[in-house]
């Protein structure tokens, strides 16, 4: 019956997943998305998961009529949820889910691209011959739209329903072994009942002459209220067709899932006499409108929705269980495991920031964040302006109140009286002391003569240069005299300046350190070099010939350094080292702590130049840059870092 405005989720391999049945993990400048996580629950075989006990309602995944697609190793979930179209959520493990912000207003399908103005229900997405087909209902009419991506945007060339002149909902595609495509859907006659018809090879046109009834209300458990058989999904196993369906109103606590079988799609469908297969499992009520999918292990899973709780229907939330076949009297029987799994919205939110003001595409690098005067400020590198000669690299400034959504508020450009800045400035580091933001940055475009400079600000946006600039360049035969990528922090009563430099042959990038007294004004004469050597040199296979971009956090009187290994797009990735004195460093891991993304992900080319930020509540966040086009564009994102037994990890 009527679905209200809640979108089902379709999961695709690369994006979405949940827990398995045993509780194992089976404006111009901003883009952001909320993320989702699944709770790990281990249960005895006689006990079901309780949504009331296991997960707070605000973290449940609010998708009704859900559908999950696995595509290229990522799960995509679609469902009834939005008034103006259909959202898509993604997961790698079925536990952690996030909404994918894509297309118009963050929707995979928007009403401006399709038939209908309201009631966008029950989407299902299929990948056939390189095209993604979304079958869904709008204004109680069945529709289909296409896209080249599971994220959308899905569009209709002709904005019309598949069955004109008649109301119908819950359309579901099934392609038989011989390649014949069928569409199952609900028709409004004598309540709601389920029909099937063949499709033309375009997978969009019904062969109306093949319309055939499948099932209608016929069992006692289905007659609570009203007369409804709906939301079917069909699979084939060892020559038999298995149809799951739902009965009763979705508003009823007695909404449940039954099964019918057939040996011919266009033949007679027979319901199991022991239906329903799933109704009120554990603490759930209103269980129904399911669909099935195979997980990364090749096992059948079923995704369904249930009421928010026993007293409130909306929003309906998504749950997952396992499906299997058992032998009963010599025949296969489909069953649904009552020990369901609970996908959850992650506590983490996803940030994506790209400054388009300089070259017309997102291009932001080298992030550094501070909290100052009631808001967060992010300093970052921006490239020369397109078409403007000798504009050089500059520093952008953005502000945020939640570390997710950022708005650009200013730029720092070369000072007219500073000859050392004439070619540009970039790679900012910052700290807050005595009511001022102190900014440490490098000159750009001077080769071996690039050096570290200092400026300070009382509002975080307008800066005054240190008259002794540049404040630091390294000495000694172990380096080339260049200093970039400044990071200044306080530890054990003095300030440490970490920087990147190169060997005398200008080939290998490595890290060095300088120190200054606690009462320093950061002028040139205060810095000295406590060691005449690199403190961290590229040694691991993934570090290539470069270590740079050091960023420090202090945990339990230990210094943790997050650094970038390898030059940009080799790919650059993030490693971690630890020290108790700031001079001697030991790597924590042999592999990258934060690797580059998988093929097709936004950070496929690199995850680099990290900044570790500790908020006032003690939570730590790793900001980093990335791209998937070998440096034609650059985004900044962040992940929350968690700590266990002195070691950092990210979800």
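Only the coordinates and a few stated rules stand behind these numbers; no lab work does. Just so you know, these numbers come straight off a predicted model, no measurement behind them. Quick reminder, even Gly has a Cβ in these numbers, built from the backbone with ideal geometry, and neighbours come from all protein chains shown.
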Given a Förster distance of 35 Å, report the FRET efficiency between residue 118 and residue 361 from their Cβ-Cβ distance, rounded to the nearest 0.05. 0.45
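Based only on other Cβ atoms within 10 Å, what is the fewest-to-most ordering of 208, 365, 159?
Ranked by crowding around the Cβ, least crowded first: 208, 159, 365.
In what sequence do 291, 249 fall when counting other Cβ within 10 Å, fewest first?
249, 291
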Where the centroid of each part is defined by its Cα atoms, how far is segment 532-584 from segment 504-522 in Å? 14
Round to the nearest 0.05 the FRET efficiency obtained for residue 588 and residue 310 when R0 = 45 Å and r is the Cβ-Cβ distance. 0.45
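Determine, for 135, 380, 635, the number of other Cβ atoms within 10 Å of each Cβ, and report the residues in order from fewest to most.
The fewest-first ordering by Cβ neighbours comes to 635, 135, 380.
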State, to one decimal in nm, how far the label point of residue 416 lies from the label point of residue 580, with both points 7 Å from Cα in the Cβ direction. 5.5
Residue-averaged [θ]222 nm for the chain, counting only DSSP H segments that reach four residues, each worth -39500 (n - 2.57): 0 deg cm²/dmol
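In nm, what is the difference between 0.36 nm times the number of residues separating residue 167 and residue 503 and their Cα-Cα distance?
Full-extension gain reported as 113.6 nm.
Given R₀ = 56 Å, what would the calculated FRET efficiency be for residue 335 paired with residue 630, taking r from the Cβ atoms and rounding to 0.05? Could you put the intermediate results ahead of the total?
Working: r = 50 Å, r/R0 = 0.89.
After rounding to 0.05, the efficiency reads 0.65.
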For residue 533 paired with residue 375, estimate the spin-label separation in nm (one decimal), with each label point 7 Å from Cα along the Cα-to-Cβ line. 4.7
List the residues of segment 240-259 whose backbone N lies under 14 Å from a point placed 7 Å from the Cα of residue 223 along the Cα-to-Cβ direction. 248
Length-normalised contact order for segment 118-224 - Cα pairs under 8 Å, 6+ apart - percent: 17
Separation of segment 387-417 and segment 293-345 by C-alpha centroid, Å? 50
Expressed in whole Å with the largest first, what are the equivalent ellipsoid semi-axes of the chain derived from the C-alpha gyration tensor as the square root of 5 times each eigenvalue? 57, 24, 20
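Can you pull the Kirkwood radius for segment 354-649, inverse mean 1/r over Cα pairs, to one decimal in Å? Before the final figure, lay out the partial values.
Working: mean 1/r = 0.0527 Å⁻¹.
After inverting the mean inverse Cα-Cα distance, the result is 19.0 Å.
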Full-extension gain between residue 326 and residue 519, please, as 0.36 nm times their residue separation minus the C-alpha to C-alpha distance. 62.0 nm
Normalised contact order of segment 354-649, rounded percent, pairs of Cα under 8 Å and 6 or more residues apart: 12
